[in-house]
Amino acid sequence: MNKIRKAIEVIFVLTLAILLVGGVVFVAGQALGLIFGQGGVLEFFNTTVKAPICIAASICAIAGFLLSYKRHDEPARTQQEATSR
């Protein structure tokens, strides 16, 4: 079970990195397209860059949801139990 959790953590971190870098590239590209008045640049970022970012965001959200489930460990001992042994 621990291997599965590690794999989900890796997927979460990788897709989060892709999402963040892709978001910065997307916003910067859109801003440059607006500043220079290039409609083709805006269309390129909307058709080419946006889809992989949305897919990465979806995978990241699912992995984060799965990571929210914690394994039930043995409850911690109380102070009285710890000193009585």
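The values are calculated or read from the model by the stated rules, or taken from the named source; none is laboratory data. Computed from a predicted model, the values in this text were never measured in an experiment. Here Cβ is always computed from backbone atoms with ideal geometry, including for glycine, and neighbour counts include all displayed protein chains. When the accessible area is computed, the model is the full protein with side chains, heavy atoms only, and any ligands, DNA or RNA have been set aside. Shrake-Rupley method; radii C 1.70, N 1.55, O 1.52, S 1.80 Å.
Laid out as a table, the results:
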| quantity | calculated |
| --- | --- |
| Looking only at region 17-28, and only at residues there that are farther than 13 Å from Ile59 by Cα and β-branched (Val, Ile, Thr), the one that is least open to solvent (accessible area, probe 1.4 Å) | Val25 |
| Filter result for Gly33 (farther than 23 Å from Tyr69 by Cβ, touching a Pro at 6+ places or on another chain (Cβ under 7 Å) and assigned to a helix (DSSP H, G or I)) | no |
| Residues of region 34-80 satisfying the condition of being touching an Asp or Glu at 6+ places or on another chain (Cβ under 9 Å) and modelled with pLDDT under 95 | Leu67 |
| Among (1) open to solvent by 60 Å² or more (accessible area, probe 1.4 Å); (2) in contact with a helix residue (DSSP H, G or I) (Cβ under 8 Å, 6 or more places away or on another chain), the one test that Leu14 misses | (2) |
| Among the candidates Ala61, Ala56, Ala31, residue that is open to solvent by less than 50 Å² (accessible area, probe 1.4 Å) and under 20 Å from Glu9 (Cα atoms) | Ala56 |
| Where a residue in region 3-30 is at negative phi and its partner, wherever it lies, is surrounded by fewer than 17 Cβ atoms within 10 Å (Cβ to Cβ) and not in a helix (DSSP H, G or I), with Cβ under 9 Å and at least six apart | Arg5/Arg71 |
| Pair list, Cβ under 8 Å, 6 or more apart: region 48-72 residue in contact (Cβ under 8 Å) with a residue 24 or more places away in the chain, other residue open to solvent by 80 Å² or more (accessible area, probe 1.4 Å) and not in a helix (DSSP H, G or I) | Arg71/Met1 |
